[in-house]
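S.K.: Okay, handing you the structure first.
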Amino acid sequence: MSRIFSDDQSSDPPRIDRSKVGDFFAERARRIERVGPVRAVIYQDKHADLAERRDEAEKACLLPLLLLDGSQRVLDVGCGTGRWVGSLLGQCRAYHGLDFSSDLVAYARSRYGAESTCRFSVASMDDFSLASLGEGLPFDRVLCAGVLIYLNDDELLRALSCVADALAPGGRAVFREPVAQGQRLTIKDHFSEELEQDYHAIYRTDSELRTFMAQAMGVQGCQLTDSGDVYGDQTLNNRAETRQRWLVVERAS
Ligand SMILES: C[S@@+](CC[C@H](N)C(=O)[O-])C[C@H]1O[C@@H](n2cnc3c(N)ncnc32)[C@H](O)[C@@H]1O
């Protein structure tokens, strides 16, 4: 069992095993030495050039969507190696990265922990709050890049609700997600030749993601206000079944 397609309406979609997802990212942390902090989290282990071009294209697309003028407090949910820190630090008042992988957070801390406006926490995105992060104020911006595919549906609903709770009134969350082109695709216990690792992820359709966001974040006055493709250059998309999308969710003032 490795690649499973299912309908949007399926009441019992296949689940991925969180502990195996954790093992996958522990191995990604060990690979930092070999592939570097960018490919450790955006992959393409055997295509360094593609990884660098994707990193650049993603930042060029998403950074303007964050609408930063130096005064915002930013939460980077699923921050990984801290790939976004260098682009955000000079543009915001405070940065807090959270990730469930203690090994990836340890790396990010070793690199950026000395910055006075920068903090990191080990936490799962479906079980955090401002209090558990030691934060007294909500965040003006949330960035969440490539993380939701590692959550099962129940975890996703809780995670989106945690994000909405952490967002200040008038704040905005920018998500970047690989989205299934047709049906939902669940990959479990699938050996990736590219990564030479077992891979586990759930690629939801754009419409499924919108439904989850409305269901989990609507109560806090959050709504999806805009979305689009991340890569203008289609040579950066090397999979027929998925494509990288961005989605902006705003919380009412
Ligand atoms: C593909 S990487 C992206 C990292 C980072 N957002 C970036 O774009 O460079 C996915 C990240 O999500 C984290 N992650 C997966 N499941 C998570 C969860 N339940 N809570 C918090 N982080 C999680 C992984 O540890 C990993 O760092």
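S.K.: Among DSSP bridges having both ends in the stretch 3-251, what percentage is antiparallel? Round to the nearest 5.
M.R.: 55
S.K.: So if I place +1 on the C-beta of Lys and Arg and -1 on the C-beta of Asp and Glu, and nothing else carries charge, what would the dipole magnitude of the stretch 3-251 be about its Cα centre? I want it in debye, nearest 20.
M.R.: It works out to roughly 480 debye.
S.K.: Order by neighbour count: 16, 4, fewest other Cβ atoms within 10 Å first, most last.
M.R.: 4, 16
S.K.: Pull up the cross-link candidates among the lysines for residue 20, meaning alpha carbon to alpha carbon under 23 Å and not fewer than 8 places away within one chain.
M.R.: 46, 188
S.K.: What number, in percent, do you get for the relative contact order of the chain if the mean sequence gap of Cα pairs under 8 Å and at least 6 apart is divided by its residue count?
M.R.: Rounded, it is 22 percent for the chain.
Read-outs throughout are calculated quantities, based only on the coordinates presented, and are distinct from any laboratory measurement. Being a predicted model, the structure only gives us computed values, none of them experimental. We place every Cβ from the backbone using ideal geometry, glycine too, and count neighbours over all the protein chains shown.
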